[in-house]
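Visitor: Got a structure here, written out as structure tokens. Questions coming.
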Amino acid sequence: MSPLDATEAGFGELPLLDMPAAPASVREAAHRRRLQGRLLRAGREAVDDRELLELLLSGRRGIADSGDSAAALLAVFGTAPRALAARPDRLRSVPGLSDDAIAVLKAAEALGIAMAREEVPDAVRPSLASYDRAIDYCRTLAGHREVEKFHLLFLNRKNRLLASELHQHGSVCHTPVYPREICIRALELQATAVIATHAHPSGDPEPSRADIDMTKRIKDALKTVGVTLLDHIVVTPTGAVSFQTRGLL
């Protein structure tokens, strides 16, 4: 039936405002394509944390609305890096977040750490200007954690990175550290030097008295097996303090 026939039959032309809205899934797909295009065209700075999380979560099983899930993550963790760094059990507490989505977030975190590690210079002597990249790596590794985690970077005689390992989990203000275990692991890897790093979830990177005492115990223990503690770096999402540059070693 032509439009003229429809009018003559009494139906008239369908007003524009009465046209049915596109289904939600169609609108979401169009929105996602716009976000993808903006990210690919203009780069990371063109999208905010919520939009990045939304892109990661879109299309995941069990996610009804990736935008709502992204907003919920930020409401709980504050920033995208903290959301990626959160433990899986903490992520499961976010309403509507499926294991499929959690796996994607943890994969994104792992890739971010791998990229940061690639930026660590072969030699990480504190006297080199490129040592800043080693500090950036430590911040990526531990700076966004909700609890203190103590990491160790084991180096060979040329100060090349042999291994980067988590030594201990902790609480929001304390991490138990065992110098004997650090010495054993250094000998297993045939390391000649170690850099220690841990986060201060409070956001203040200033070393505490306990941090200073613990560092001395680690340094003294490593010395007995011929291994040097090059540095202990306290990190937060926005800053870092090096014991080496502060003269605390």
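The values are calculated or read from the model by the stated rules, or taken from the named source; none is laboratory data. Note that this is a predicted model, so its numbers are computed, not measured. So basically every Cβ, Gly included, is an ideal-geometry build from the backbone, and we count neighbours across all protein chains shown. Areas reflect the complete protein model, heavy atoms only, side chains present, ligands, DNA and RNA absent. Shrake-Rupley method; radii C 1.70, N 1.55, O 1.52, S 1.80 Å.
Visitor: Report the gain in length on full extension from Ile212 to Asp68: 0.36 nm times residue separation, minus Cα-Cα distance, nm rounded to one decimal.
Guide: Taking Ile212 through Asp68 to full extension adds about 47.5 nm, to one decimal.
Visitor: Here's another thing I want to ask about it. With 30 Å as the limit, write out which pairs from Lys106/Lys219; Lys149/Lys216; Lys106/Lys158 have Cα-Cα distances beyond it, or answer none. Can you show the working numbers first?
Guide: Numbers: Lys106/Lys219 33 Å; Lys149/Lys216 18 Å; Lys106/Lys158 33 Å.
Result: Lys106/Lys219; Lys106/Lys158 exceed 30 Å.
Visitor: Let me ask something else about it. So between Ala103 and Leu248, what do we pick up on full extension, going 0.36 nm a residue minus the alpha carbon distance? Walk me through the numbers on the way to the answer.
Guide: Numbers: separation 145, 0.36 × 145 = 52.20 nm, distance 3.99 nm.
Result for the pair: 48.2 nm of gain on full extension.
Visitor: Turning to a different aspect of this structure: Only four residue types carry charge here, +1 at the Cβ of Lys and Arg and -1 at the Cβ of Asp and Glu. Report the dipole size of segment 178-218 about the Cα centre in Debye, rounded to the nearest 20.
Guide: The calculated dipole for segment 178-218 is roughly 180 debye.
Visitor: Next question. On average, how much accessible surface per residue is there in segment 170-244, in Å², for a 1.4 Å probe, leaving out ligands, DNA and RNA?
Guide: 47 Å²
Visitor: Still on this structure, please answer the following. Return the FRET efficiency for the residue pair Asp220, Val26: r is the Cβ-Cβ distance, R0 is 41 Å, and the value is rounded to the nearest 0.05.
Guide: With a Förster radius of 41 Å, E is 0.05.
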